[in-house]
Amino acid sequence: MPRIVREAGITWEGNLARGAGAMTAASSGAFSSLGYSAATRAGSPEGKTSPEELLAAAHGGCFTMSLASELTQAGTPPERLEVRCVITMDEVEGKGHQIVHSEIDAHGVVPGCDEAGFAQAAEAADAGCPFSALVRASATVTVNASMR
């Protein structure tokens, strides 16, 4: 796989408590001006995103592609994969707020694959997922996998 470089642009106006920002996918243009703020990050999202939500999407997306690859290499390409990723940030003594956990729930419709094969593919997908490695550098990653 070639080297991959993507970029996002972020703006912020004001102090942390009352300020607000926006994120834009500079490389692809897939999204622009996604709003975020401290209040909507910690409280009700009110239609805005957060860095944690974007990390959950990135980790879940990367894992899903890795799982599709593992299943295909095993001769059982998936018909459908449904993955949910939940990122947890919490207060860590002496370190402030940190990402402490990422939980992935993966469900698949995979003709010709049994539960054991799916679980094995999910384990290999987690091991080969660059975002799992990134998160695991400072947090735990849990993967739950089952067939539909």
The lone condition A68 fails out of (1) modelled with pLDDT of 95 or more; (2) among the aliphatic types (A, V, I, L, M); (3) open to solvent by 50 Å² or more (accessible area, probe 1.4 Å) is (3)
If you go through A139, A119, the only one that is in contact (Cβ under 8 Å) with a residue 40 or more places away in the chain and not polar (S, T, N, Q) is A139
Tally of residues being part of a helix (DSSP H, G or I) and farther than 22 Å from I4 by Cβ across segment 29-70: 6
Taking the condition of being farther than 14 Å from F118 by Cβ and aliphatic (A, V, I, L, M), how many residues in segment 43-84 meet it? 6
Would you mention how many residues in segment 1-14 are open to solvent by 70 Å² or more (accessible area, probe 1.4 Å) and either touching a residue at least 12 places away in the same chain (Cβ under 8 Å) or of a type outside the set (D, E, K, R) (or both)? 9
Looking only at segment 87-99, which residues are open to solvent by 50 Å² or more (accessible area, probe 1.4 Å) and assigned to a strand (DSSP E or B)? T88, M89, D90, E91, H97, Q98
Limited to segment 24-45, what total is found for residues that are open to solvent by less than 70 Å² (accessible area, probe 1.4 Å) and on the phi > 0 side of the Ramachandran plot? 1
What single numbered condition from (1) over 19 Å from the mean Cα position of the chain (by Cα); (2) open to solvent by 50 Å² or more (accessible area, probe 1.4 Å) fails to hold for R80? (1)
Verdict on E46 being farther than 27 Å from A127 by Cα, among the acidic types (D, E) and at pLDDT below 95: yes
Can you find, within segment 100-130, the residue that is surrounded by the most Cβ atoms within 10 Å (Cβ to Cβ) among those that are part of a helix (DSSP H, G or I) and not small (G, A, S)? F118
Identify, by number, the condition in (1) closer than 30 Å to S32 by Cα; (2) in contact with a Gly (Cβ under 7 Å, 6 or more places away or on another chain) that T76 doesn't meet. (1)
Just a yes or no: is a residue in segment 15-23 closer than 28 Å to T140 by Cβ, out of contact with any Phe, Trp or Tyr (no Cβ under 9 Å at 6 or more places or on another chain) and open to solvent by 70 Å² or more (accessible area, probe 1.4 Å)? yes
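The values are calculated or read from the model by the stated rules, or taken from the named source; none is laboratory data. For clarity, every value in this text was computed on a predicted model and none was experimentally measured. No Cβ is skipped: glycine too gets one built from the backbone with ideal geometry, and neighbour counts run over all protein chains shown. Ligands, DNA and RNA are stripped out before the accessible areas are found, and what is left, the full protein with its side chains, is counted by its heavy atoms. Shrake-Rupley method; radii C 1.70, N 1.55, O 1.52, S 1.80 Å.
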